[in-house]
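To keep things clear, I will list the structure first and then write my remarks on it.
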Amino acid sequence: MSQSHDALETPCIIVDLDKAEANLKRAQDYADANGVHLRPHIKTHKLPSFARRQVELGAIGITCQKLGEAEVMADAGIEDIFLPYNLIGEEKLHRLRRLAERVKLAVTADSAFVIDGYGRAFADSSLPLVVLVECDTGMGRAGVQTPEEAVTLARRIDATPGLTFGGIMTYPATGKAAEARIWLDTAVAALTAAGLPPRIVSTGGTPDLWHAHETAAATEYRPGTNIYLDRFQVEKGVGTIDDCALTVLTPVV
């Protein structure tokens, strides 16, 4: 740090770069040792420098929560991006089309409405948009509720000009990775029986990061908070308080 803590305007966020690097490397070393492909979520740090470092360490690409985040990362030279978010609205779809012309891109849909929007935007595209079906495996906030619904949407994607069915994704509830595995295995079997075997099975969640290798059906894992960690992640055994890389400097009155 070029200046002392006393010279900083408060409140401010301080990131220990050595700890952040160690956290990133620990995750990648685990992934390499267990045959897990990491696609880290950048919504925790939102910094192209960290995203590039994650790719340098061995990540297969990155995950962005917002279209704007993905555009910034593309500008920074990141070439493989996944957006696990349902994009709607003509302006965003227009921006999505432009982004897909610049990078390797995949998106998510959990309804026919979203799929139809992607179809309108990419109907005349020479490069089909890869679309994954979002699956609710227990979190209860987004995604189709059953493997049968996943098959229905996969068929709609496959039948829509300009789109290609890429697979399925989920964000499991913390501590319920085992239940998610059963859901995903059932969905993969149903999709395969329907003639639409998923090329990508994407899952994630920092709290269960060290169990990622146990989900055999998964082709990639999306950790995010592990770069900084926090008290919740420490409680879940992902790291220790000493591993936490982000702190807030503030006076206490």
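The values are calculated or read from the model by the stated rules, or taken from the named source; none is laboratory data. On a predicted model such as this, the values are computed, not experimentally measured, just so you know. We place every Cβ from the backbone using ideal geometry, glycine too, and count neighbours over all the protein chains shown. Surface accessibility is based on the protein's heavy atoms, side chains included, excluding ligands, DNA and RNA. Shrake-Rupley method; radii C 1.70, N 1.55, O 1.52, S 1.80 Å.
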Test: residue in the stretch 136-144 that is at pLDDT below 95, closer than 20 Å to Glu69 by Cβ and in a loop (DSSP other than H, G, I, E, B): yes
Selection count, the stretch 20-50, where residues are open to solvent by less than 70 Å² (accessible area, probe 1.4 Å) and of a type in the set (Lys, Arg): 1
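Please tell me if Ile241 is at negative phi, open to solvent by 50 Å² or more (accessible area, probe 1.4 Å) and at pLDDT 95 or above.
Here the answer is yes, as Ile241 does meet what is asked.
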Cβ-Cβ under 6 Å pairs, at least 6 apart or on other chains, the stretch 48-62 side free of Cβ contacts under 8 Å to residues at least 60 places away in the same chain, far side small (Gly, Ala, Ser): Pro48/Ala76; Ile62/Ala51
Answer from Ile60, Ile78, Ile42, Ile88 - the residue that is under 26 Å from Thr247 (Cβ atoms), out of contact with any Phe, Trp or Tyr (no Cβ under 6 Å at 6 or more places or on another chain) and among the aliphatic types (A, V, I, L, M): Ile42
Hits in the stretch 63-91 (condition: crowded, with 16+ Cβ neighbours inside 10 Å and either of a type in the set (Lys, Arg) or farther than 23 Å from Arg53 by Cα (or both)): Tyr85, Asn86, Leu87
Single unsatisfied condition, Ile157 versus (1) surrounded by 23 or more Cβ atoms within 10 Å (Cβ to Cβ); (2) part of a strand (DSSP E or B); (3) hydrophobic (A, V, I, L, M, F, W, C): (2)
Hey, Glu134 under 30 Å from Leu99 (Cα atoms), open to solvent by 60 Å² or more (accessible area, probe 1.4 Å) and among the acidic types (Asp, Glu) or not: no
Subset tally (residues that are open to solvent by 40 Å² or more (accessible area, probe 1.4 Å) and among the aliphatic types (A, V, I, L, M)) for the stretch 176-192: 3
Residue list for the stretch 9-19, filter: more than 22 Å from Ala76 (Cα to Cα) and open to solvent by 40 Å² or more (accessible area, probe 1.4 Å): Glu9, Thr10, Pro11, Ile13, Asp16, Asp18, Lys19
Residue within the stretch 98-105 that is surrounded by fewer than 18 Cβ atoms within 10 Å (Cβ to Cβ) and among the small types (Gly, Ala, Ser) present: no
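Picking from Asp124, Asp116, which residue would you name as being out of contact with any strand residue (DSSP E or B) (no Cβ under 7 Å at 6 or more places or on another chain), more than 30 Å from Glu214 (Cβ to Cβ) and in contact (Cβ under 8 Å) with a residue 40 or more places away in the chain? Can you show your working first?
Details: Asp124 fails: in contact (Cβ under 8 Å) with a residue 40 or more places away in the chain.
Step by step, each of Asp124, Asp116 is checked, and only Asp116 is out of contact with any strand residue (DSSP E or B) (no Cβ under 7 Å at 6 or more places or on another chain), more than 30 Å from Glu214 (Cβ to Cβ) and in contact (Cβ under 8 Å) with a residue 40 or more places away in the chain.
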Residue among Val238, Val201, Val248, Val188 that is under 27 Å from Ala106 (Cβ atoms) and assigned to a strand (DSSP E or B): Val201
Residue within the stretch 216-223 that is closer than 18 Å to Ala31 by Cα, of a type in the set (Val, Ile, Thr) and open to solvent by 40 Å² or more (accessible area, probe 1.4 Å) present: yes
Exclusive hit being touching a strand residue (DSSP E or B) at 6+ places or on another chain (Cβ under 7 Å), touching a residue at least 60 places away in the same chain (Cβ under 8 Å) and not β-branched (Val, Ile, Thr), set Leu99, Leu153, Leu132, Leu87: Leu132
Count - residues of the stretch 74-98 that are assigned to a loop (DSSP other than H, G, I, E, B) and farther than 26 Å from Leu38 by Cα: 2
